[in-house]
Amino acid sequence: MTPPLLEADALTKHFPGRRGLLDMLRRRERPVVRAVEALSLDVRAGETLGIVGESGCGKSTLARCLVRLHRPDAGVLRFRGTDVDALSEADRRRFNRQVQMVFQDPYSSLNPRMTVRAVLAEALAVHKVVPPDQIEGRVAALLDLVHLSRDAAERYPHEFSGGQRQRIGIARALAVEPSVLIADEPVSALDVSVQAQIVNLFLELQERLGLTLVFITHDLRLVRHLAHRVAVMYLGRIVETGPTAELFAAPRHPYTQGLLRAVPQMAAGQGRVRRAAAITGGLPSPLAPPPGCSFHPRCPIAEPACSTAVPALAARGGAWPVACRLAG
C-alpha cells in the first residue's frame with residue numbers, strides 16, 4: 001500500500017483557558033481547552049478526506065495544526081514520511097508551499113487594501129514560483145483556473161460576492177502550486193446554490209491538478225458528494241473513519257449514526273423536509289471532557305465501562321477503524 005502523503009500521529013493541541021477573578025484569588029490553575037487530543041489520521045495522495053463533526057469539536061484547530069499555523073503540543077506530523085518538525089528551514093518552506101489552506105471566511109482572509117492582482121502576485125513573488133516577468137501571466141492563468149474574469153485582477157475584495165471571494169482565496173492557495181489543500185468549512189458562509197458551485201470547483205481542480213484535498217465541514221451531504229473517505233471527529237478525537245459509501249451505508253459508531261439520522265431528508269410522497277431527532281444533549285466543554293469515551297454521556301447504548309477507559313481507534317470485526325468498544 002502507498003504510504004500516506006500527510007500523516008498525523010497522536011497529535012495534541014491544548015490552549016490556556018480563562019480564569020475568573022475568584023479563580024485567581026484562590027490561586028486555581030488556569031483551565032486547559034483540549035481542542036485536539038491524541039488524534040491520528042492519514043491522507044493519501046490524490047484522495048479527498050472529509051472531516052466531519054459538530055461545531056466546537058476541534059476541526060478548525062486540527063486544520064491549523066496540519067498546515068502548521070498551530071504547532072502541536074505533542075504528537076508527530078509527517079509529510080511524505082518525514083517529521084515536519086525535523087525539516088530544515090529550506091525544507092520547511094517547501095512544506096509550507098506544498099500544504100496550503102483555504103479558510104472559512106473568504107473576506108477576513110483577504111487584505112481589503114490589496115487588489116486581487118496584488119494578492120496573487122504577492123504569493124507568487126514571496127515563494128518565487130515564477131520569474132518576475134511571468135507573474136502577470138500567472139495571475140491571469142490563476143483567475144482562469146477558478147473561473148473569474150481577468151478584469152477581476154484590478155478590483156478589491158469588497159467588490160465581490162462571497163462565492164467570488166472564496167474563488168480568490170482558492171486561487172491564492174493554488175498560486176504556490178501545492179499538492180495538498182486543507183479546506184476549513186470553505187462553503188459554510190455561502191448560499192446553498194453557491195456552495196454547489198464551489199464544491200464542483202474543488203472537484204474540477206482536483207481532477208485537473210491532481211490535488212489531495214482535506215475537506216472539513218459539519219455538512220454530511222457535502223462530504224457524501226465529494227469525499228473518498230470520511231473521518232468523524234468528536235471532542236478532539238477521531239471516532240470513526242472509513243470509505244464514504246460504506247460508512248454512510250452502515251455507520252458503526254453511535255455518534256456517526258446520530259449525525260446521519262439528523263441529516264434532513266425528503267419525506268416520501270409529501271414533498272417536504274423531514275428531520276429525525278438530533279443526538280440528545282449538547283457537546284461537552286473541551287475544558288472538562290468526560291472521562292473514558294467522551295461520547296458516553298450522550299450515547300444511547302453506553303455501559304458503565306464506557307466511562308472508565310478511552311477506546312482506541314481500531315478496526316473491529318474486520319471493518320474500518322472505530323473508537324467504540326461496543327461497535328458491531
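Numbers at a glance
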| quantity | calculated |
| --- | --- |
| Label assignment, Cα extents along the principal axes in Å derived from the structure, set (1) 53, 47, 34; (2) 68, 61, 49; (3) 72, 44, 41 | (2) |
| Normalised convex hull volume, segment 92-157, alpha-carbon set, Å³ per residue | 101 Å³ |
| Residue of P16, P286, P254 that the Gaussian network model of the chain assigns the largest fluctuation, springs spanning Cα pairs under 10 Å | P16 |
| Candidates Q134, Q98, Q257, ranked by Gaussian network fluctuation over the chain, Cα under 10 Å, top entry | Q134 |
| Long-range HN-HN contacts of T48 with modeled amide H, under 5 Å | L213, H228, R229 |
| Amide proton proximity set for Y234, modelled H, under 5 Å, gap of 5+ | V239 |
| Fraction of the pair-distance distribution of segment 136-232 above 18 Å, Cα-Cα pairs, percent | 45 percent |
| Karplus-derived 3J(HN,Hα), 6.51/-1.76/1.60, for each residue of segment 252-260, Hz, glycine and proline x | 10, 7, x, 5, 4, 4, x, 4, 5 |
| Built amide H within the under 5 Å cut-off of L5, gap 5+ | V43, R44, A45 |
| In Hz, Karplus ³J(HN,Hα) per residue of segment 225-240 (6.51, -1.76, 1.60; θ = phi - 60°; x = Gly, Pro) | 7, 10, 8, 7, 10, 10, 10, 9, 10, 9, 6, x, 10, 7, 9, 6 |
| Fluctuation leader among A45, A305, A231 - the chain, Gaussian network, Cα springs under 10 angstrom | A305 |
| Hz values of 3J(HN,Hα) by residue in segment 166-172 - Karplus curve (6.51, -1.76, 1.60), Gly and Pro given as x | 5, 4, 5, x, 5, 4, 5 |
| Within the chain, helix-based [θ] at 222 nm, where runs of 4 or more DSSP H residues each add -39,500 (n - 2.57), nearest 500 | -8500 deg cm²/dmol |
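No lab work stands behind these numbers, since they all come straight from the coordinates. Being a predicted model, the structure only gives us computed values, none of them experimental.
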